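Each reported figure results from applying straightforward, stated rules to the coordinates on display, with no laboratory input. For clarity, every value in this text was computed on a predicted model and none was experimentally measured. Cβ placement follows ideal geometry from the backbone for every residue including glycine, while neighbour counts extend to all protein chains displayed.
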Amino acid sequence: MSSSSPNLAERYAFLQGELARLEHAYYVLDNPLLPDSEYDRLYREMLEIEAVHPEWVSPQSLSQRVGGVALKEFDTVVHVVPMLSLNNAFEDAELIAFDRRCREGLHVDHVTFAGELKFDGLAISLRYEDGVLVRAATRGDGASGEDVTANIKTIRAIPLQLLGKNIPKVLEVRGEVFMYLKDFEKMNQQAAALGEKEFANPRNAAAGSLRQLDSKITAKRPLSFFAYGLGALEPQSWLPSTHEQLLNAYVRLGLPVCPERRLLHSVAEILDFYNEIGAKRDSLPYDIDGVVYKVNSFAEQAKLGFVSRAPRFALAHKYPAQEALTTVLGIDVQVGRTGAITPVARLAPVEVGGVTVTNATLHNEDEVKRKDVRIGDTVSVRRAGDVIPEVVSVVKERRPVNAQQFVMPVRCPVCDSHIERLSDEAVARCSGGLFCAAQRKQALIHFAHRRAMDIEGLGEKIVDQLVDLNLVRTPADLYRLGFTALANLERMGDKSADNLMQAINQSRNTTLARFIFALGIRHVGETTAKDLANHYGSMHSLMDASLEDLLTVKDVGPVVADSITSFMQEAHNREVIEQLLFSGMQLSVEEKIFSAAVSGKTFVLTGTFPTMTRDEAKDLLEKAGAKVAGSVSKKTDFVVAGSDAGSKLIKAEELGVPIIDEAAMLELLS
Ligand code: IVH
């Protein structure tokens, strides 16, 4: 008999269930239930029990997620139900033809399609027997693939044990393994820091991670998964009648299913879906290369059948590629607001994802070296998310003999000051500070920004002229500009000069928080500026704050505190601040006018509002004590939706978060 009490077995079973529930909430529902530390505590407790009772450890124990012994090679898995591919379409006409073929094949007037995303990852088949994940296989040639079970078990979004009651005896879930863009970027940054190889894109990263023979390595890679299809199933009676119902059943079983999906009832709705998703493709948190339409009814799918290796009932509608090849004409450097010197590749113009790209960032000197980009090279350029186009990799086979290596200039191309690079930093900086016209321009543009001093009409073109003509050196100079100076600028009429004068004058009346933010102190963003304003209440108290004192401000850590004190110690900066204050700034500390209905509540804003911008709505809500978040989760109290609201609205509907319009929001505020 075992020496342990029956209670320990119970506790162990409880921990397994509880940890599975927490993982599901965190990785599938994106809605953490407990702080990480609490999860870690329970997890450690489970490990301690397993150390005493190794015989209790089952294949579905959550401790199996860390990976095991490395394999010599992957076993082959035969797919009982083959894994097929999809036919692709690029043109609207191909879609119209697809819809017609489906209708004609089924002898019906219209067909309902399930519209979903085409994820740019790797197809995988997960076999569950009695709800337990027993095998995972890659697609391979469609008829057989590789057994990657140990690797798949490390993916936290994939349940080792299905949830719920209605679990079929055998269920093969088909879906896509991929990497979220932010996880991919973080992983590459870490790899770069360690001098390891970076992946060209999230798809390669996902593929490379999944094909690791050592699952301990895979366990360190941030992979994720979405389910979208079905392989083997027993009993067949479990099958719902539509694809949509199948995916809903998956959600109930605890599987991750992408919320960006809906039923489409006509070609018009299909095209709307394609265009809507296309419009927000850049802001999705993962890469997609198209959308997929599948006949929703399984009975109809069966009737339509297959042609060679692709179903007749489904079609992938692709978007233009986000990566393209072009040549490097030259490598320049740009000077940023903080003096950061960024090498930029000048490119032969190329279409990437529907936009013509002529420049791509190379980030920093080390990056140029690591990727070994030379002038004359053929490179792959990528545009994804809201990010600036970047050079991904060089096609070495196409390197011309006279390709030229990049040499980091030793002097700033704008002000001729020395370029410095601290040994522990990746970026090189122009040491010219505000003496450097490029830095001055960026600092002024930031100062005038809508969310800083909000000087309407003071854009890049005007700032360029003001600085080049030496009319403005510091932000304080702006408040000494006369009408004639402005009216004499290029492309500036009397009317616009007058408007700009007014905008500059009006900007004196602002909040302390905006003023602090406008100064452009490194690491002091809008939120920190607000915290500092609330804490200090006046510019002079902030200017004289010690490092120790700054560290007592909410969310201010050593890096931020250090950046503030060095900024304030600089005589030049103090002088500019004094001049600004002397020019008649009226800096108010915003009294929060707490509104009981919204105070402490979390709002998410989406779409276009009828009477105000989202920024204005954000300010109103924050003044009333509400929080405004960027994405919808179960913790969101309200989603305020305007016209053309997208995925946030869908997510809110899915999670049952109350959705209100601008008028209802104003009502709550009043
Ligand atoms: S269904 C019978 N749905 O595209 C059709 N595939 O060319 C089986 N893919 O290998 C595939 N997103 O890797 C389907 N929502 C989606 C998809 C999807 C991405 C990939 C998958 C497959 C390839 C088919």
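Of note:
- Summed over qualifying helices (DSSP H, 4 residues or more, each -39500 (n - 2.57)) and divided by its residue number, the chain shows a 222 nm mean residue ellipticity of -10500 deg cm²/dmol.
- Proximal lysines relative to Lys169, as straight alpha-carbon distance under 22 Å, when same-chain residues fewer than 8 apart are discounted: Lys153
- Set of aspartates and glutamates near Lys197 by C-alpha distance (under 18 Å), chain-local residues within fewer than 8 positions excluded: Asp183, Glu185, Asp214, Glu365, Asp366, Glu367, Asp372, Glu390
- Mean Cα-pair separation over length for the chain, i.e. relative contact order, pairs under 8 Å, 6 or more apart, %: 9
- The label-point distance for Thr613 and Ala191, in a model that sets each label 7 Å from Cα toward Cβ, rounds to 3.8 nm.
- When you filter the trypsin sites (Lys or Arg not before Pro) in the range 245-275 for DSSP loop state and at most 12 other Cβ atoms inside 10 Å of their Cβ, nothing is left.
- As a proxy for reagent exposure, ranking Val251, Val80, Val604 by other Cβ atoms within 10 Å from fewest up yields Val80, Val251, Val604.
- Between 0 and 90°, nearest 10: helix 494-506 axis offset from the chain longest Cα axis: 80
- Helix 558-569 axis, angle to the chain major axis (alpha carbon atoms, nearest 10°): 10
- Pairs from the list Lys182/Lys651; Lys461/Lys530; Lys220/Lys651; Lys294/Lys634; Lys461/Lys623 with a Cα-Cα gap above 23 Å: Lys461/Lys530; Lys220/Lys651; Lys294/Lys634; Lys461/Lys623.
- Pairwise centroid distance, computed over Cα atoms, of the range 291-356 with the range 572-628, Å: 38
- Acute angle (nearest 10 degrees) that the helix 6-23 long axis makes with the longest principal axis of the chain, alpha-carbon atoms: 60
- For the range 218-241 and the range 436-499, distance of Cα centres in Å: 58
- Rounded to the nearest whole angstrom, the semi-axes of the ellipsoid equivalent to the chain, taken from the Cα gyration tensor as √(5λ), stand at 49, 31, 29, largest first.
- Exposed loop sites here are chymotrypsin sites (Phe, Trp or Tyr not before Pro) assigned a DSSP state other than H, G, I, E or B and surrounded by at most 14 other beta carbons within 10 Å; excluding them, the longest clear run of the chain is 91-593.
- Cysteines, the chain, no other Cys beta-carbon under 4.7 Å: Cys102, Cys258
- Label point at Arg21 placed 7 Å out along Cα→Cβ; residues across the range 37-76 whose backbone nitrogen lies under 15 Å: 39, 42-43
- Residues Thr76, Thr338 in ascending order of nearby Cβ atoms (within 10 Å, fewest first): Thr76, Thr338.
- Distant-in-sequence amide H partners of Leu263 (H built 1.01 Å from N, under 5 Å): Gly115
- Relative contact order for the range 298-430, counting Cα pairs under 8 Å that sit 6 or more residues apart, in percent: 21
- When +1 charges are put on Lys and Arg Cβ atoms and -1 charges on Asp and Glu Cβ atoms, the dipole computed for the chain relative to its Cα centre reaches about 880 debye.
- Value of relative contact order over the range 1-139, rounded to a whole percent, pairs C-alpha under 8 Å and six or more apart: 14
- Taking amide H atoms as placed 1.01 Å from N in the peptide plane, the amide H of Ala321 lies under 5 Å from those of Gly353, each 5 or more residues away in sequence or on another chain.
- The GluC sites (Glu not before Pro) of the range 36-105 that DSSP puts in a loop, and whose beta carbon has at most 15 other beta carbons within 10 Å, are Glu73, Glu91.
- Using the Cβ of Ile659 as centre and a radius below 13 Å, the other residues enclosed give a net charge of -3, where K and R count +1 and D and E count -1.
- Here the range 174-230 is treated as a sphere whose radius is the Kirkwood value from Cα pairs; by Stokes-Einstein at 10 °C and 1.306 mPa s it diffuses with a coefficient of 135 µm²/s.
- Loop-resident sites, the range 612-648, for trypsin sites (Lys or Arg not before Pro), counting at most 16 other Cβ within 10 Å (DSSP): Lys634, Lys635
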